[in-house]
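Written out below as structure tokens is the structure these notes cover.
Throughout, read-outs are computed from the coordinates displayed, never taken from laboratory work. For clarity, every value in this text was computed on a predicted model and none was experimentally measured. Here the Cβ positions follow ideal geometry from the backbone for every residue, glycine too, while neighbour counts run over all protein chains shown.
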């Protein structure tokens, strides 16, 4: 479990992380989103002990990140955006080196199990320098998982992977997230929507939203939007729908395609459907329209912010 309380970080006079607070529970994948320079990587580096915070506190699996840094590191697996690898070592030797640093018992068994988990068991004796960027990313993920950590912190874990590898890594993260706490940074918004239980959006060092993808959509939309498709011209139908009590807006998009909007909590779809049928229209489709995660992200981070180093 991760618990962050008013955590902040200054670089000189610049405030990179501004008193943020959040929690990530066991068995939960928390997506960490934000534009370049928003403070994502800085926050992750503080949580993993790479950077000391300027203020506030945080605990990982019950241990404080500054006062009990060594205990925290035993319980955290960290995959940075740029994975530090030794290109002149074989994959097995590199993981053995990492296992020795962590004083892992039964290191060879742990290495083989982890390599199988990330789909690289058949490449154990290959040199890291000969691997593609995607394969190196898998090696980085293997070192993060090697000691079976309670908390996994992943900074852009699918960067550089091909589509098939991305699907495999996402599936692996979902499996990992069933038992561990996962904090996942990504610029691929659809990825966060697919695999994260909750999403935290940070902008200019501050948290601007934190909720499930579904709840974020509902909160930002502020109303229920529905697309209606009927056969034939529907201008007259649109006019009649607009007169129903509770309808806020009706728009004709194209021949037979309408959008209507009503306040949350009052579902007017049955009334609209009955009206369409009574007016002798063939009802072809009716479905809700939600803001995409991309639209939510842009709405919450629309203010220009210089892309400084995180």
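Which ordering of 25, 225 is given by a fewest-first count of other beta-carbon atoms within 10 Å?
Details: 25 12, 225 18.
Lowest to highest Cβ neighbour count: 25, 225.
When a/c is below 1.5 the answer is rounded, else prolate if a/b is larger than b/c, else oblate, so apply that to region 24-95 with a ≥ b ≥ c taken from the square roots of the Cα gyration tensor eigenvalues. It would help to have the intermediate numbers written out before the result.
On the way: a/c = 1.74, a/b = 1.37, b/c = 1.26.
It comes out prolate by the Cα gyration axes.
Work out the FRET efficiency for residue 70 and residue 109 from their Cβ-Cβ distance, taking R0 = 35 Å, and round it to the nearest 0.05. Don't jump to the answer; show the numbers that get you there.
Details: r = 24 Å, r/R0 = 0.69.
The formula returns an efficiency of 0.90 here.
Pull out a ≥ b ≥ c, the square roots of the eigenvalues of the alpha-carbon gyration tensor of region 118-168, then state rounded if a/c is under 1.5, prolate if not and a/b is larger than b/c, and oblate in the remaining case.
oblate
Can you tell me how region 222-287 classifies by the Cα gyration tensor, rounded, prolate or oblate, using a/c under 1.5 as the rounded cut? Please report the intermediate quantities before stating the final value.
On the way: a/c = 1.69, a/b = 1.51, b/c = 1.12.
It is prolate, given that a/c is not under 1.5 and a/b is the larger ratio.
To the nearest 10 degrees, how steeply does helix 91-101 sit against the main Cα axis of the chain, on a 0 to 90 scale?
70
Over the Cα atoms of the chain, Rg to Rh with Kirkwood Rh, two decimal places?
Dividing the radius of gyration by the Kirkwood radius yields 1.11.
Order these peptides, 156-162, 249-255, 226-232, by their mean beta-carbon neighbour count within 10 angstrom, highest first. Kindly include the intermediate steps, with their values, before the conclusion.
Details: 156-162: 19.0, 249-255: 13.4, 226-232: 16.9.
Peptide ranking by packing, descending: 156-162, 226-232, 249-255.
Between 52, 163, 35, where does the largest GNM mean-square fluctuation fall for the chain, given springs only between Cα atoms within less than 10 Å?
Result: 163 has the largest fluctuation of those listed.
Can you work out the base-10 log of I(q)/I(0) for region 116-229 at q = 0.20 1/Å, using the Debye formula on its C-alpha atoms alone?
So the normalised log intensities work out to -1.14.
In percent, how large is the relative contact order of region 2-211, given Cα pairs closer than 8 Å and 6 or more residues apart? It would help to have the intermediate numbers written out before the result.
Details: 400 pairs, mean separation 65.4, N = 210.
Dividing the mean separation by the residue count of region 2-211 yields 31 percent.
Compute the long axis of helix 269-278 from its Cα atoms, compare it with the longest principal axis of the Cα atoms of the chain, and write down the angle in degrees, 0 to 90, nearest 10.
In the chain, helix 269-278 runs at an angle near 40 degrees to the longest axis.
If packing is taken as the average count of other Cβ atoms within 10 Å, what order do 207-214, 91-98, 120-127 fall into, highest mean first?
On the way: 207-214: 16.4, 91-98: 19.4, 120-127: 14.5.
With the highest mean Cβ count within 10 Å placed first, the list reads 91-98, 207-214, 120-127.
How far is helix 107-117 tilted, in degrees, relative to the longest principal axis of the Cα atoms in the chain, given as a value from 0 to 90 rounded to the nearest 10?
The angle comes out at about 20 degrees.
Under 20 Å from the 7 Å Cα→Cβ point of residue 179, by amide nitrogen: which residues of region 127-145?
Answer for this model: 139-145.
Full extension from residue 240 to residue 227: what is 0.36 nm times the residue separation minus their Cα-Cα distance, to one decimal in nm?
This chain segment gains 3.1 nm when fully extended.
Applying 1/(1 + (r/R0)^6) with R0 = 22 Å to the Cβ-Cβ distance of residue 23 and residue 289, what FRET efficiency is obtained, to the nearest 0.05?
On the way: r = 32 Å, r/R0 = 1.44.
Efficiency computed from Cβ-Cβ geometry: 0.10.
Along Cα→Cβ, 7 Å out, is where each label goes; now give me the distance between the ones at residue 6 and residue 254 in nm to one decimal.
Distance between the two pseudo-spin positions: 5.5 nm.
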